[in-house]
Amino acid sequence: MRFQDAARDARTVVYAGIQADPLVGRVAALLAEATCPERLMARAVMNGERTEPEIWRRMFPSLFGEGPAGPAARDRAEQLLAASLEVANRGDQARNQYRGAIVEELTARLLARRGALVKRERRILFDGVRAEIHPYDVTVESPARPEAYDCKWGARGIDADVLNQLDDARSHAADEEIELAVAIVVFDASRSAELRLERSTARHERTGLFALETIDRLGVRAS
Amino acid sequence: MTERADLLESAARAYQALAELAETVEDEWQYVTDLTEAYLPSILALAGADSGRPLSDEAVAAVQEAIVEIGLIADPHRAIDWLSTFPGIVALALGGSEL
């Protein structure tokens, strides 16, 4: 089994420009330090119809009010609100691409907390197996225990193609006696992702799931 | 009805309307149904939780803003995203952690 950079076509070049936009890194950095309610707020804002900050402050009083959060937490929430509104203000088509890139960057940043060798847009090749066209969003290229992640903004993005590709990779790695951990990262509620998975007939019993409430676990080394 | 029950009844009606919009994405009918069947009872169940305490003005305003927000959605694809997000906002506003 070996990792390889994905081939770059016109679409990936455009998307690479979005991935490299400092706004993506800024939002991901804020999300990496955020609490679950703050991440819920960011998701709502980046999915939202309205872009007036006062509306979102009213919708999330526990983050912005005079409650127990304290000034440092309120400041963090304000920064995340402002950055999320920048994404929302990019318009419908662009915001879809930004949101995807943000989940990937957040995943990479959380994984890097373990000191792991984290890479992006990589294919995984196996001897005698036809290579998948689509690269994995984020990989951890540890010889001892490699990992591959597919990142989704919403649970709706979980489909049979994604699940099959992840499980095929895990299975092919096992054929080479390599334990490849595969998982989906979804910036959405766990419950919604679990509902999505329950209906899927694709193999996913050994595919991990990291959702809005559990995404911090990416930064914790598995024992 | 209590203020809490009234508010959550309004939230549930708004959520049901959002689900009807989302259902127009035919390929996702099953997922929309699953989300609605999971979350709608949870929203209504919040009416019975902590019913002895009056709601704060902030909590009422938060839920009302969320109801207005989902009422503005015209895109059924965005509606699917909000079927998953709205219940969490309502629960957070009313002091719950998640639905």
Inset, instruction - Would you mind getting me the FRET efficiency between B:Arg13 and A:Arg203? Use the beta-carbon distance for r and R0 = 41 Å, nearest 0.05. - result: 0.55
Inset, instruction - Enter the angle in degrees (range 0 to 90, nearest 10) between the Cα long axis of helix A:160-175 and the first principal axis of the Cα atoms of chain A, meaning the one along which they spread out most. - result: 50 degrees
Legend entry - Mean residue ellipticity (222 nm) of the protein assembly as shown, computed from DSSP H runs ≥ 4 via -39,500 (n - 2.57), nearest 500: -18000 deg cm²/dmol
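Once R0 is set to 22 Å, what does the formula 1/(1 + (r/R0)^6) return for the Cβ-Cβ distance between B:Asp75 and A:Glu54, expressed as a FRET efficiency to the nearest 0.05? Please list the in-between numbers first.
Numbers: r = 24 Å, r/R0 = 1.08.
The pair B:Asp75/A:Glu54 has a calculated efficiency of 0.40.
When the convex hull of the C-alpha atoms of segment A:10-97 is computed, what volume per residue in Å³ does it have? Can you show the working numbers first?
Details: hull volume 7.4 nm³, N = 88.
Measuring per residue, one finds 84 Å³ for the Cα hull of segment A:10-97.
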Inset, instruction - Could you line up A:Asp150, B:Asp27 from fewest to most neighbouring Cβ atoms inside 10 Å? - result: B:Asp27, A:Asp150
Legend entry - Part-to-part distance (alpha-carbon centres) for segment B:31-93 and segment A:1-75, which is given in Å: 21 Å
Inset, instruction - Working from Cα positions, state the angle (0 to 90°, nearest 10) between the long axis of helix A:190-199 and the longest principal axis of chain A. - result: 40 degrees
Legend entry - Charge context of B:Ser10, other residues only, Cβ under 14 angstrom, K/R +1, D/E -1: -3
Legend entry - Label-point separation, A:His134 to A:Ala16 (7 Å along Cα→Cβ), nm: 2.0 nm
Legend entry - Charge tally in the Cβ shell below 11 Å around A:Val220, where Lys, Arg are +1 and Asp, Glu are -1, A:Val220 excluded: +3
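If I take all pairs of Cα atoms in segment B:1-96, what percentage of them are more than 22 Å from each other? Display every interim value, and only then the final one.
On the way: 1122 of 4560 pairs.
The answer is 25 percent, as a whole percent.
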Legend entry - Degrees, to the nearest 10: B:3-22 long Cα axis against longest axis of chain B: 10 degrees
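Within a 10 angstrom radius of the beta carbon, how do A:Met41, A:Met1 rank from fewest other beta carbons to most?
Numbers: A:Met41 27, A:Met1 18.
Going from sparsest to densest Cβ surroundings: A:Met1, A:Met41.
Where does each of A:Ile178, A:Ile124, A:Ile215 land when they are ranked from fewest to most other beta-carbon atoms within 10 angstrom? Numbers along the way, then the final one.
Values: A:Ile178 15, A:Ile124 25, A:Ile215 22.
So the ranking, lowest neighbour count to highest, is A:Ile178, A:Ile215, A:Ile124.
Which shape class applies to chain A: rounded if a/c is under 1.5, otherwise prolate when a/b exceeds b/c and oblate if not, where a ≥ b ≥ c are the square roots of the Cα gyration tensor eigenvalues?
Values: a/c = 1.98, a/b = 1.77, b/c = 1.12.
Judged from the Cα gyration tensor, chain A comes out prolate (a/c at least 1.5, a/b above b/c).
Summing Lys, Arg as +1 and Asp, Glu as -1, what charge do residues with Cβ under 13 Å from the Cβ of A:Phe64 carry, A:Phe64 excluded? Write out the running numbers ahead of the final one.
Working: positive: A:Arg57, A:Arg58, A:Arg74, A:Arg76; negative: A:Glu38, A:Glu54, A:Glu66, A:Asp75, A:Glu78, B:Glu58, B:Glu65.
Combined, the nearby Lys, Arg, Asp and Glu give -3.
For A:Glu78 and A:Arg2, what is the calculated FRET efficiency with R₀ set at 56 Å and r taken between the beta-carbons, to the nearest 0.05?
Values: r = 45 Å, r/R0 = 0.80.
Working from the Cβ atoms, E equals 0.80.
Coordinate-derived values only; no laboratory data. None of the values given here were measured: they were computed from a predicted structure. Here Cβ is always computed from backbone atoms with ideal geometry, including for glycine, and neighbour counts include all displayed protein chains.
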